[in-house]
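The values are calculated or read from the model by the stated rules, or taken from the named source; none is laboratory data. Computed from a predicted structure; not experimentally measured. All Cβ positions, even for glycine, are placed from backbone atoms using ideal geometry, and neighbour counts span all protein chains on display. SASA here: full protein model, heavy atoms, side chains in, ligands and nucleic acids out. Shrake-Rupley method; radii C 1.70, N 1.55, O 1.52, S 1.80 Å.
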Amino acid sequence: VFLILLHCIVNMNQPERYECYVLEPDETKVKFTKDTKHEHSATFTILKEDHTLGNALRMQLLQDNRVLFAGYKVPHPLLYELVIKVRTNGEAPPTQCLMDSIDVLSANIKDTSDKFKLQLQKHKNSNSNKHWQR
């Protein structure tokens with residue numbers, strides 16, 4: 001009885017699993033906020049994302065010569081949102097730099113996926129006549 005009660009208490013505040021990746025009908029995936037303190041700065045709030053995308057985007061943004069600052073945070077582990085701050089040198093707006101970084105990341109992911117599939121096919125072809133025992 002104690003273990004059941006403990007299990008209920010521990011999981012009471014935990015959101016449902018689907019809430020970490022399913023957008024509600026009234027939610028928008030990305031929200032843009034212009035920074036009023038710094039010129040050429042903006043904050044993007046991306047719902048249903050975490051450190052995986054945040055760190056990849058930050059690193060890609062920092063590779064862009066137009067970007068002076070890029071940082072991200074996940075405000076709370078139970079809130080599935082990612083906050084990215086971008087400041088540029090004025091050659092391009094923060095939205096353009098973010099979109100360019102997303103395009104580069106998408107291309108990198110596709111390239112990695114294609115290379116993996118090619119190597120997997122080579123491995124299957126080279127081992128097609130071998131029978132594995134279970």
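For the reader, a short list of remarks on this structure follows.
- Filter result for Gln60 (open to solvent by 60 Å² or more (accessible area, probe 1.4 Å), in a helix (DSSP H, G or I) and polar (S, T, N, Q)): no
- Search result, residues across segment 84-134 that are modelled with pLDDT under 95, among the charged types (D, E, K, R) and in a helix (DSSP H, G or I): Lys122, Lys124
- Filtering segment 74-83 for residues that are assigned to a strand (DSSP E or B), under 26 Å from Glu27 (Cα atoms) and out of contact with any helix residue (DSSP H, G or I) (no Cβ under 9 Å at 6 or more places or on another chain) leaves a non-empty set.
- Conditions (1) in contact with a Phe, Trp or Tyr (Cβ under 8 Å, 6 or more places away or on another chain); (2) at pLDDT 95 or above; (3) under 20 Å from Asn108 (Cα atoms): number failed by Met59: (1)
- Unmet criterion (only one of (1) out of contact with any strand residue (DSSP E or B) (no Cβ under 6 Å at 6 or more places or on another chain); (2) open to solvent by 50 Å² or more (accessible area, probe 1.4 Å)) for Phe69: (1)
- Test for Lys34: is it open to solvent by 100 Å² or more (accessible area, probe 1.4 Å), at pLDDT 95 or above and in contact with a Gly (Cβ under 9 Å, 6 or more places away or on another chain): no
- Candidate set from segment 87-102 (those that are within 13 Å of the chain's Cα centre (by Cα) and not β-branched (Val, Ile, Thr)); member that is farthest from Ala70 (Cα to Cα): Ser101
- Count of segment 31-46 residues which are in a strand (DSSP E or B) and either touching a residue at least 60 places away in the same chain (Cβ under 8 Å) or over 16 Å from the mean Cα position of the chain (by Cα) (or both): 5
- Residue that is farthest from Met99 (Cα to Cα), among those in segment 37-57 that are in contact with a strand residue (DSSP E or B) (Cβ under 7 Å, 6 or more places away or on another chain) and open to solvent by 70 Å² or more (accessible area, probe 1.4 Å): His38
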